[in-house]
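Participant: Handing you a structure now.
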Amino acid sequence: MPDPGLTLDGVVIRRDGRTLVDISDHVAPGEVLTVMGPSGSGKSTLLSYIIGTLDAGFAAQGQVKLNGTDITDLAPEARHVGILFQDDLLFPHLSVGENLAFGLRASIKGRAERKRKIDAALEDIGLAGFAARDPDTLSGGQKARVSLMRMLLSGPKALLLDEPFSRLDTERRDKIRELVFAQARANGLPVLLVTHDHADADAAGGRVHRLD
Amino acid sequence: MTPRCDTTTARARLLPWAPFLTLAIMVGPVVAGVLGTIGPAFGYMPALGGDAITLTAFVMLFDWPGITRASVLSVTTGVAATSLSLLLVALICAAWSGSRAFRIIERMLSPLLSVPHAAAAFGLAFLIAPSGWIARATSPWLTGWDRPPDLLILQDPLGLSLIAGLVVKEVPFLLLMTLAALTQIRTVQARDTALALGYAPVTAWFKTIFPRVYAQIRLPVYAVLAFSMTVVDVSLILGPTTPSTLSVQILKWMNDPDLSLRFLASAAAVWQLALVIGTLILWRLAEFAVARLGRIWVTTGTRGGATRSIKALSLTAAILSASAIALGILGLLVWSFAGFWSFPDLLPGTFTTRTWMRHTTNLWPVITETLIIASVSTFVALLLTLACLEAEERHGLKPGTRALWLLYLPLIVPQIAFLTGLQTLAIYTGLDGNRTAVIAVHIVFVLPYVFLSLADPFRAWDARYGRVARALGAGCDGVLWRVRLPMLLRPILIASAVGFAVSIGQFLPTLLAGAGRVQTLTTEAVALASGGDRRVISVYALSQTALALLPFALALFVPAILWRNRRGLRHA
């Protein structure tokens, strides 16, 4: 029986001969592993390696396993690893509904079925009736929720968070943080949170891995 | 760089070759053309009986009485037009960057750039001619003239009107290049630091920003210098005639029914190339000298002043330059509808559509031909540009400084120096005189402009959108077609509009590759110049301008309509 969750097996990332990241760890489904460290310590670089978009300037080794399967050499789109950045990064040329549809896998056939999924997702995040809206007209908190839901609709098997709460004000930050962790737990996703904010780490409530 | 893209499809396997194909398409014809010019210049052209290497053509060239004057004219008009344009652009940026006036100037750039050189030259000619609008507006109350004065304003022997015609068109181009360069360096901090140290704004700009900006726009400046030294269509309209500039004289020899003059034309083209290379070397040496003096000036501690006068001077010059084009186009419009118009009346006595009606039948096929050539060449250039930029993204094939030089090669090597040779080669291979040949040659000139217009916005796109899209399940092609290109719609349309305008403005490539059998609005308009019928010239020059402006209008309105409900893309 393969080990469920996200496993980093001897992952070492170097740049110009300097070791930025050296980590071996396992994140179980529903667990949050917080990675903390100062700017330039390689936190975001580690996430790029896990999703498969590490720049050619880096030298990396080690395996990334998801539910026991080695995904290190897979294309990013085949890894089923979702990511949320500091910015919501909603595609500005698409409506809110179209952004969500972008996340839906093609295996969900039929226009009506896809629309039903999108409407249900919008209702889940308290944005029912927002499908035709321009993403740029949403508030920061609303954008963050759409971004999270778009990612969840793509059916990820793990979730990476690259300081996604840092640009939100205190009130919204608490709510969005709660929503993200609740969704991750509900979907049984291993979560790797990168942050330099101790409040995020405290809210996540899991283990903390420090990068120097 | 986007890693791990699918490389199993034929299209994906071809992508890494796109930059090499593009360079081959741009550089190949230039190199082949120069070789095709050098052969006949040294007497080798078997089709015309030239089997031996000789210097006869060069002896003939230097025996031609007008060679010294024509050579000097090419150099002086080119250097003067380039220096004035550069100075004006630097003064405008130094005095006005960051202001509201500067933003207005920025907005005016696209329409000014899109006006073809020939149309702008005609417009300027109709303004400054002895019977032009300026003379009419000041007569007889100021000048006392009741008939056009016998003054050699147009086609003056010193080439002053030619220089003016070049400056009004090269200023917008250099300004655009400078704006692109300014975005790449941290100008605000540098200027503010200098201001805090007590430097006057213009002095602060010249001491802290200009050296870095110039390093970025060096190649466009060289392109302007080479173009100004060798331009044919503007010279035919505004340049001296006794003798004409060297490039015009080469064209006359090329088109002479006496085929033996091809040897002379080729020798002159090689000489023209040597003149351009020599002038570029001198310009480079002047750069060193100015830089040396500049370094001394920077450390003198002079804070400068006269900001107001420099502001006034530069704004006046900018307005004059833009007005010369705008009023010129307005003049063309009035002439195209003019009935009887006697001197010194400011406006025609009657307006009529007769000239338009009479030429509509002839105009449509020419417009269609122009549209087809411009559309196809722009489309091919755009595809190649996008393929190159995507290959750079996926495979890290970013052009280095040398590749950038190659990109500018078709703009720096004088058209007359390689198109004559290319025509000779095309005749050998039977590929000349048709639309395909014209399109192929147009691509050589359209490609650099499309690439230069699109490269910066394409590279500046936030790559995190691509990472998110891939994490959501999109492949590399999906990211390109579904996310990146739609988000870059406006810059893509603007780059296409630039390419389209460049194609429409091509005179010499159309004339030589088309062997006179492919007629576009530009070749027709310039051909009409010798006839001197202002009404007919205006009809053709206006049609040419309208056709060049149309894609810019589309580039403005299509995204505005498509993204009317997308606030985040309104200024993209």
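Participant: Residue separation times 0.36 nm, minus the C-alpha to C-alpha distance between B:A286 and B:R564: what's the value?
Facilitator: Result for the pair: 95.1 nm of gain on full extension.
Participant: For B:458-465, what's the mean count of beta carbons from other chains sitting within 10 Å of each residue's beta carbon?
Facilitator: Partner Cβ neighbours, averaged per residue: 2.
Participant: Find the centroid of the Cα atoms in the stretch B:1-58 and in the stretch B:345-414, then give the distance between the two in whole Å.
Facilitator: Going from one Cα centre to the other spans 21 Å.
Participant: Where does each of A:S166, B:S114, B:S131 land when they are ordered by accessible area, with a 1.4 Å probe and the largest first?
Facilitator: These residues rank, largest area first, as A:S166, B:S131, B:S114.
Participant: Another question, if that's okay. Show me the helices of chain B, taken as full DSSP H stretches, that run 30 Å or more along their long axis by Cα and average -1.0 or above in Kyte-Doolittle hydropathy.
Facilitator: Once both thresholds are applied, what remains is B:18-41, B:67-96, B:160-184, B:261-298, B:307-336, B:354-395, B:435-460, B:534-562.
Participant: So, for chain B, what is the accessible surface per residue at a probe of 1.4 Å, expressed in square angstrom?
Facilitator: Value for chain B: 43 Å² per residue.
Participant: Ordering B:Y222, B:Y428, B:Y199 from largest to smallest accessible area (1.4 angstrom probe), what's the sequence?
Facilitator: B:Y428, B:Y199, B:Y222
Participant: Relative to the longest principal axis of chain A, what angle (0 to 90°, nearest 10) does the C-alpha long axis of helix A:140-153 take?
Facilitator: 80
Participant: How long are the semi-axes of the ellipsoid equivalent to the protein assembly as shown, from square roots of 5 times the Cα gyration tensor eigenvalues, in whole Å, largest first?
Facilitator: Three semi-axes, in Å: 57, 29, 27.
Participant: In addition: Could you pull out every one of the aspartates and glutamates with an alpha carbon less than 17 Å from that of B:K207, ignoring same-chain neighbours closer than 8 positions?
Facilitator: B:D192, B:E287
Participant: Whose amide H sits under 5 Å from the amide H of B:A338, counting only residues 5 or more places off or on another chain, with H placed in the peptide plane?
Facilitator: B:T352
Participant: Now, a different point. Averaged over its residues, how many other protein chain Cβ atoms are within 10 Å of peptide A:71-79's Cβ atoms? Each step should come with its number before you reach the end.
Facilitator: Working: counts 0, 0, 1, 1, 8, 15, 13, 4, 4.
Mean partner shielding for this stretch: 5.
Participant: Please compute the length gained on full extension between B:M60 and B:W297, using 0.36 nm multiplied by the number of residues separating them and subtracting their Cα-Cα distance.
Facilitator: Result: 80.5 nm gained on full extension.
Participant: The stretch A:107-204: which trypsin sites (Lys or Arg not before Pro) are DSSP loop and have at most 10 other beta-carbon atoms within 10 angstrom?
Facilitator: A:K109
Participant: Okay, helix-only estimate at 222 nm for chain B: each DSSP H run of n ≥ 4 adds -39500 (n - 2.57), divide by all residues, round to 500 deg cm²/dmol; what do you get?
Facilitator: -24000 deg cm²/dmol
Participant: Give the lysines reachable from A:K43 as a straight Cα distance under 19 Å; neighbours fewer than 8 places away on the same chain don't count.
Facilitator: Cα-Cα hits under 19 Å: A:K65.
Participant: Another question, if that's okay. Total Å² of accessible surface buried at the A-B contact, 1.4 Å probe, nearest 100? Don't jump to the answer; show the numbers that get you there.
Facilitator: Values: alone 10530 and 26120 Å², together 33920 Å².
Looking at A and B, the buried total is near 2700 Å².
Participant: Using DSSP to define loop residues, name the chymotrypsin sites (Phe, Trp or Tyr not before Pro) in the stretch B:26-119 whose beta-carbon has at most 16 other beta-carbon atoms within 10 Å.
Facilitator: Here the chymotrypsin sites (Phe, Trp or Tyr not before Pro) that fit, given the DSSP loop and packing criteria, are B:Y44.
Participant: Could I ask something else about it? List the Cys residues of the protein assembly as shown that have no partner Cys with a C-beta closer than 4.7 Å.
Facilitator: B:C93, B:C388
Participant: About the Cα centre of chain A, how large is the charge dipole given +1 on each Lys and Arg Cβ and -1 on each Asp and Glu Cβ? Please answer in debye to the nearest 20. Before the final figure, lay out the partial values.
Facilitator: Values: 26 positive and 29 negative charges, 124 e Å.
Using only the charged Cβ atoms, the result is roughly 600 debye.
Participant: Sum -39500 (n - 2.57) across every DSSP H segment of at least 4 residues in chain A, then divide by the residue count to get the 222 nm mean residue ellipticity, nearest 500.
Facilitator: -10000 deg cm²/dmol
Participant: Let me ask something else about it. Separation of the stretch A:1-37 and the stretch B:71-111 by C-alpha centroid, Å?
Facilitator: 56
Participant: State the answer as a single residue: which of B:G475, B:A501, B:L489 lies farthest towards the positive end of the charge dipole of the stretch B:470-540, with beta carbon charges of +1 for Lys and Arg and -1 for Asp and Glu, about the Cα centre.
Facilitator: With unit charges placed on the Cβ atoms, the residue in question is B:G475.
Participant: Residues with beta-carbon under 15 Å from that of B:Y199, excluding B:Y199: net charge, scoring Lys, Arg +1 and Asp, Glu -1?
Facilitator: Details: positive: B:R191, B:K207, B:R303; negative: B:D192.
With Lys, Arg at +1 and Asp, Glu at -1, the neighbours total +2.
Participant: Still on this model: Calculate log10 I(q)/I(0) of the stretch A:40-126 for q = 0.14, 0.20, 0.21 Å⁻¹, where I(q) comes from the Debye formula with a single equal point scatterer on each Cα and nothing for solvent.
Facilitator: Debye intensities relative to I(0), on a log10 scale: -0.69, -1.05, -1.09.
Participant: Percent antiparallel among DSSP beta bridges with both residues in the protein assembly as shown, to the nearest 5?
Facilitator: Just about 55 percent of them are antiparallel.
Participant: For A:K117, give me every one of the lysines with a C-alpha distance below 24 angstrom, ignoring sequence neighbours fewer than eight places off in its own chain.
Facilitator: Leaving aside lysines fewer than 8 places away in the same chain, those within reach of A:K117 are A:K109, A:K143, A:K157, A:K175.
The values are calculated or read from the model by the stated rules, or taken from the named source; none is laboratory data. Note that this is a predicted model, so its numbers are computed, not measured. With ideal geometry, Cβ positions are generated from the backbone for all residues, glycine too; neighbour counts draw on all protein chains shown. The area values use the complete protein model at the heavy-atom level, side chains included, leaving out ligands, DNA and RNA. Shrake-Rupley method; radii C 1.70, N 1.55, O 1.52, S 1.80 Å.
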